[in-house]
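Student: This is the structure, below, for whatever I ask next.
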Amino acid sequence: MYEEIIKEIKANLGENRDLNRQYLSSQIEVYKDHPYNKEIIKEISRMMWDCLSDDEKQEFIEISERENPIMDILNDIYYDIENGNYETPLEELNAFMETFPEMFKDDKVSEYHYFTNPLEDLIFRKYIGAEKELRYIPDSQPLLDLYYVYGFLLLENQEYDKAEEYLKKAIRINPVSARIILELTEIYKVHTYTYNEYFIRTCDALKYSYYPQDIARCYRNLGYYYIEENQMRTALALYIYSMEFEASPLAYTEIKYIQSKNDNMELTLNECIEIIEGKNIQLGVNPFIIETLNELIREYEKNKLYNQALYFMELQFDLTHDGKTLEMMNEIRGKLEN
C-alpha cells in the first residue's frame, strides 16, 4: 500500500519545480490521516527537498537544526480546544509566548508569508502583492496556526486588545485568509466605537472567500452591520441571501427577529439581490476566484497532477454546484483508481 502511494505521487511530478512543491504540499494534507501517514509524509518531505533552491535548502537546514516548539505546543493543546476547554490551552500558550522568539519577521529585503494552497497565493498576488522579495514559511513551522489559535483563545477570554494583536500577526502572514479576518471582525463587533472596521474587514473577507461557509458568514456579518445601522430591509436581504451558501440557524433566527420587528417584512431572492447590488456589495463568490480555479484545474490536468486538479474541482463544485464540474471530478477519480 505504502509503495503504491509513493509510486503514484512520484508519477505525478513534472519538470516545474514550483508546481511540484504545491502538489507535494497538497499530498501531505491528503494523507495526514492515512495509517502510514508518518512514512508517507517523510517520503514526501524528501521529494520536496529536491524542489527547493539552494537558499531555501540552507534556510531549511538552519530551521531544522533547532527544535520545533510550535508544533509541540499546538499538538499539546488541540485536544482540549476541540473539546471546548479553552482555559488550560490559554494558560499554556500564555507561558509559551512569554519566551517564544519571533520567527520569520519581515526584513528590509524579504517578507514572509504562508498560504494554504496556490489559490490563496494567487489571490494575494492579485489584490495585495509583495512589496519585497516573497519568501514562504515552511509547513514545518506552523506560525500562522500559532498566532490564530492564540488570538482565538484570547478573544474567547475577552482580552480584546491582545487578541487583536495576535490575529493581526496571523493576517500579516496570510493577508487573504478569510477565516482569520472573520475572527478579527468578532473583536470589532464587540470592542469598538464604530462598526467601520467591522464592515471593511468583512468586505475584504468576502472578496477572498472560497468556501461557501465563509461567504455565508460574511453576509451574516454584513446583515448585523445593517441592523446596527437600522437599515432593516438591507439586513434582511443579506441574511436571506446568506442562506444560499449555508443553511445556518443563526441566519434563520435573525431573519425571524427582523420580520417580527418589522410587520413580517418579506423579500424574494431577486429583491434581496437587487438590494445587495444597490449597496455595491459583492454578490456571491468573487469572479476572480472562479476564473483562477478554472485556470488551476486546467494547469494541473495538463501536467497530469490529478490529485491537485481534483482538489480545486471540489472547491469549484462547492461554490457553483455545476454539473460539468461534477462530471470532471468523476472522470479524474476514475483516472486515479486505474
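The values are calculated or read from the model by the stated rules, or taken from the named source; none is laboratory data. Being a predicted model, the structure only gives us computed values, none of them experimental. Ideal geometry is used to build each Cβ from the backbone, glycine not excepted, and the neighbour counts take in all protein chains shown. Quick note on the areas: whole protein, heavy atoms, side chains included, nothing else; ligands and nucleic acids left out. Shrake-Rupley method; radii C 1.70, N 1.55, O 1.52, S 1.80 Å.
Student: As a test of the formula, what do you get for the chain when each DSSP H run with n ≥ 4 contributes -39,500 (n - 2.57) and the sum is divided by the residue count, at 222 nm and rounded to the nearest 500 deg cm²/dmol?
Tutor: Only helices count here, giving -22000 deg cm²/dmol.
Student: What number, in percent, do you get for the relative contact order of the chain if the mean sequence gap of Cα pairs under 8 Å and at least 6 apart is divided by its residue count?
Tutor: It rounds to 12 percent for the chain.
Student: For the chain, modelled as a Gaussian network with Cα springs under 10 Å, which listed residue fluctuates most, E314, E15, E111?
Tutor: Of E314, E15, E111, the Gaussian network model singles out E15 as fluctuating most.
Student: Another question, if that's okay. Local charge sum around M329 (other residues, Cβ-Cβ under 13 Å, Lys/Arg +1, Asp/Glu -1)?
Tutor: Within the 13 Å Cβ shell, the charges total -4.
Student: A further question follows. Given the whole protein assembly as supplied and a 1.4 Å probe, what does the accessible area of E295 come to in Å², nearest 10?
Tutor: E295 exposes around 100 Å² with every protein chain in place.
Student: Roughly speaking, to the nearest percent, how much of the stretch 82-121's 1.4 Å accessible area is carbon and sulfur?
Tutor: After summing per-atom areas, the C and S share lands at 46 percent.
Student: Taking a 26 Å limit on the Cα-Cα distance, which of the listed pairs K169/K302; K168/K256; K32/K108; K32/K304; K169/K207; K207/K261 fall beyond it?
Tutor: From K169/K302; K168/K256; K32/K108; K32/K304; K169/K207; K207/K261, over 26 Å: K169/K302; K168/K256; K32/K108; K207/K261.
Student: If one takes the longest principal axis of the Cα atoms in the chain, at what angle in degrees, from 0 to 90 and to the nearest 10, does the Cα axis of helix 143-156 lie?
Tutor: Relative to the chain, helix 143-156 is tipped by roughly 30 degrees.
Student: Set the Förster radius R0 to 41 Å, insert the Cβ-Cβ distance between M97 and R17 as r into 1/(1 + (r/R0)^6), and round the FRET efficiency to 0.05.
Tutor: Here the calculated transfer efficiency is 0.70.
Student: As a test of reading the structure, rank H191, H321 by solvent-accessible area (1.4 Å probe, protein chains only), most first.
Tutor: Largest accessible area first, the residues go H321, H191.
Student: Right, something else. Per-residue HN-Hα couplings for the stretch 157-164, Karplus 6.51 cos²θ - 1.76 cosθ + 1.60 at θ = phi - 60°, whole Hz, x for Gly and Pro?
Tutor: Here the 3J(HN,Hα) series is 8, 6, 8, 5, 5, 6, 4, 4 Hz.
Student: Ratio to report: Rg/Rh of the stretch 287-337, with Cα atoms as the point set and Rh obtained by the Kirkwood method; give two decimals.
Tutor: 0.94
Student: Under 8 Å for C-alpha pairs, at least 6 residues apart: give me the relative contact order for the stretch 287-337, rounded to a whole percent.
Tutor: 32
Student: Please give the per residue accessible area of the chain, computed with a probe of 1.4 Å over protein heavy atoms only, in Å².
Tutor: Spelled out: the 1.4 Å probe surface of the chain, per residue, equals 54 Å².
Student: With every protein chain in place, what's the accessible area of E337 (1.4 Å probe, Å², nearest 10)?
Tutor: Surface accessible to solvent at E337 totals approximately 150 Å².
Student: Using only the alpha-carbon atoms, how far is helix 87-99 inclined from the longest principal axis of the chain? Give it as 0 to 90 degrees, nearest 10.
Tutor: The angle comes out at about 60 degrees.
Student: Now for a different question. When only the heavy atoms of the protein chains count and the probe is 1.4 Å, how do K169, K105, K162 rank by accessible area, highest first?
Tutor: Listed by decreasing accessible area, they come as K105, K162, K169.
Student: Given a Förster distance of 45 Å, report the FRET efficiency between E291 and Y79 from their Cβ-Cβ distance, rounded to the nearest 0.05.
Tutor: E between E291 and Y79, to the nearest 0.05, is 0.65.
Student: Amide H of S110 versus every other amide H placed in the peptide plane: which residues, excluding those fewer than 5 positions away on the same chain, fall under 5 Å?
Tutor: The list, which skips near neighbours in sequence, is E133.
Student: Could you sort E29, E183 by their accessible area in this structure, using a 1.4 Å probe and putting the largest first?
Tutor: E29, E183
Student: Evaluate the relative contact order of the stretch 181-279 (contact order divided by residue number), counting alpha-carbon pairs under 8 angstrom at least 6 apart; express in whole percent.
Tutor: 21
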